[in-house]
Amino acid sequence: MLEIGTKAPEFTLPDQNGEMRSLSDYKGQKVILYFYPKDMTSGCTSQACTFGELFPQFREKGAVIIGVSKDTVASHKKFEEKYGLPFTLLSDTELEVIKAYDVWKEKKMFGKPSMGVVRSTYLIDEEGTIVKAFDKVKASENPSQMLKEL
């Protein structure tokens, strides 16, 4: 995880509509930047849908939500449409941002090590500074946890 108090690394990635989005586009707003392993899986769907349900409350607090995974733009579009997600999903197929935010780690599945995205969430303030950082978050609890952090 990146350290609290450091400047969040700038990035530009395509969203679920193929439009390029940069962290600097959100200057002046709080950003919930969450990294997740894969579209359409149970944990990731639970997390995304709960962020979607709480979306109006995040907006009231002046925050935007951005989800990032290594899935393609097309996969993100299907995910957004299937679940009616009201926030931005960014496609990082080259793992540049995932690695810059230090969430690409060795994981064990059935005892076998492999590399993958560790479910992690950053709260970035209006000036682009990391103010909170959580790794190995529980998918179902993370959205409520982040709302409380605001």
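Among the residues making up the range 76-90, those that are in a helix (DSSP H, G or I), within 15 Å of the chain's Cα centre (by Cα) and of a type outside the set (Phe, Trp, Tyr) are HIS76, GLU80.
For the structure I just gave you, tell me whether LYS61 is touching a helix residue (DSSP H, G or I) at 6+ places or on another chain (Cβ under 9 Å) and within 21 Å of SER140 (Cβ to Cβ). Yes. Here is the figure for the range 24-54: residues that are surrounded by 14 or more Cβ atoms within 10 Å (Cβ to Cβ), farther than 20 Å from GLY116 by Cα and touching a helix residue (DSSP H, G or I) at 6+ places or on another chain (Cβ under 9 Å) total 8.
PRO86 satisfies every condition listed in (1) at pLDDT 95 or above; (2) loosely packed, with under 14 Cβ neighbours inside 10 Å; (3) not β-branched (Val, Ile, Thr) except (2). Given the condition among the aliphatic types (A, V, I, L, M) and touching a residue at least 24 places away in the same chain (Cβ under 8 Å), answer yes or no: does some residue in the range 104-111 qualify? No, the range 104-111 contains no residue that is among the aliphatic types (A, V, I, L, M) and touching a residue at least 24 places away in the same chain (Cβ under 8 Å).
Scanning the range 1-57 for residues that are free of Cβ contacts under 8 Å to residues at least 60 places away in the same chain, touching a strand residue (DSSP E or B) at 6+ places or on another chain (Cβ under 7 Å) and among the aliphatic types (A, V, I, L, M) returns MET20, ALA48. One residue stands out in the range 125-150 among those that are β-branched (Val, Ile, Thr) and in contact with a Leu (Cβ under 6 Å, 6 or more places away or on another chain): the one that is surrounded by the most Cβ atoms within 10 Å (Cβ to Cβ), namely ILE130. Residues in the range 95-118 that are crowded, with 21+ Cβ neighbours inside 10 Å and under 20 Å from GLU141 (Cβ atoms): VAL103, VAL117.
The values are calculated or read from the model by the stated rules, or taken from the named source; none is laboratory data. These figures come from a predicted structure and were not determined experimentally. Heads up, the Cβs are rebuilt from the backbone with ideal geometry, glycines too, and the neighbour counts pull from every protein chain shown.
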